[in-house]
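Following: one structure in structure tokens, then a few remarks.
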Amino acid sequence: MPLVSIAAELKRAQEGGYAVPLFDTADVQSTEGMFQALEALRAPTIIGIYAGLVDQPNARGLAAYVRARAEDSPVPVSLMLDHGSSFEQCIRALHFGFTDVMIDGSKLPLEENIATTRQVVRAAHAVGALVEAELGQVGSGSDYQSFGAQRKGFTDPAIVERFVEETGVDLLAVAIGTAHGLYQGDPQVDLELLSDIRARVGLPLVLHGGTGCSEEQFRAVIRGGIAKINVATDLFVTAGKNMVTRAAQEKANYWELCKTATETFRERSEYYLRLFGTEGRA
Ligand code: 13P
């Protein structure tokens, strides 16, 4: 089916107590592994392309590939800009055929985050796309001990309602103790903060930095109201390791390494789709 905006699927996830993952892709092999997983498990899924890739010359081609691959798939798939860095970039992504966008104004002063998000919402809604914004700041796993573990960047629950109301945003990424990339130490997720935020606003909440969370943490945040979980690093790190192992074995060649990459993306995507309860929801 054609790519879809993930709005209806996230609403169903919220009502059904499960989460839809966003898996970041970078190329044909990673995308193919994700599609094999979501088709095998009949699981609605968001495929993300990271903002840094959207400025590369092959971005429009990659988006066109994901769009064409989705048309051959019976399962609802959204193509979402992950961590959009500006209004202009969000518009470019929509022009490339993305069906949903994230504008990440989390490093901006609050008023600027509100103003930029509002601008993107107005434009994206005109073409039927959902907008995700980030309030607070999900940092990097490599700085975890000096940032997230110190509760730096955590979402301030007192401003959540105002932010949602003034921006008109559809999805909200919250900073509650996770971080992007591999953690220095273990993630500590603040479920009380999540519950405080959940009680204040009704829109689907998003957890970034899925890599490195325990299964119990994933189950707890989904119970606590997270409806979308972003995962990237684990997929690429595991695929990279498996490709290195495969390269050292007999008959290693380009095709075998590509196959290993696709198989790893499939296995890891299936793992998360089962864990998040997305399996069988399409
Ligand atoms: P990880 O790479 O830590 O899984 O985080 C992904 C993410 O949040 C992308 O937006």
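The values are calculated or read from the model by the stated rules, or taken from the named source; none is laboratory data. Only a predicted model underlies this, so the values are computations on that prediction, with no experimental measurement involved. Here the Cβ positions follow ideal geometry from the backbone for every residue, glycine too, while neighbour counts run over all protein chains shown. When the accessible area is computed, the model is the full protein with side chains, heavy atoms only, and any ligands, DNA or RNA have been set aside. Shrake-Rupley method; radii C 1.70, N 1.55, O 1.52, S 1.80 Å.
Give the range 131-146 a look and list any residue that's within 17 Å of the chain's Cα centre (by Cα) and either more than 15 Å from the ligand (Cβ to nearest atom) or assigned to a strand (DSSP E or B) (or both), or say none.
First pass over the range 131-146, keeping only residues within 17 Å of the chain's Cα centre (by Cα): 131-141.
Within the range 131-146, Val131, Glu132, Ala133, Glu134, Leu135, Ser140 meet the criteria.
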Q | Flag for Gly128 being within 16 Å of the ligand (Cβ to nearest atom) and assigned to a loop (DSSP other than H, G, I, E, B) | A | no
Q: Only residues that are hydroxyl-bearing (Ser, Thr, Tyr), more than 16 Å from the ligand (Cβ to nearest atom) and farther than 12 Å from Val4 by Cβ: list them for the range 63-100, please.
A: Tyr65, Ser86
Q: Can you give me the number of residues within the range 156-186 that are within 13 Å of the ligand (Cβ to nearest atom) and either at pLDDT below 95 or over 21 Å from Asn113 (Cα atoms) (or both)?
A: 4
Q. In the range 187-276, which helices (runs of 4 or more DSSP H) lie fully inside it and hold 1 or more residues that are within 15 Å of the ligand (Cβ to nearest atom) and either in contact (Cβ under 8 Å) with a residue 24 or more places away in the chain or open to solvent by 50 Å² or more (accessible area, probe 1.4 Å) (or both)?
A. 215-223, 233-247, 254-275
Q: Would you check which residues across the range 66-80 are under 19 Å from the mean Cα position of the chain (by Cα) and either over 22 Å from Leu257 (Cα atoms) or aromatic (Phe, Trp, Tyr) (or both) and list them?
A: Arg67, Ala70, Val75, Pro76, Val77, Ser78, Leu79, Met80
(Q) I need the full set of residues from the range 5-57 which are of a type in the set (Gly, Ala, Ser) and either open to solvent by less than 10 Å² (accessible area, probe 1.4 Å) or farther than 27 Å from Gly224 by Cβ (or both), in order please. (A) Ala13, Ala19, Ala26, Ser30, Gly33, Ala37, Ala40, Ala43, Gly48, Ala51, Gly52
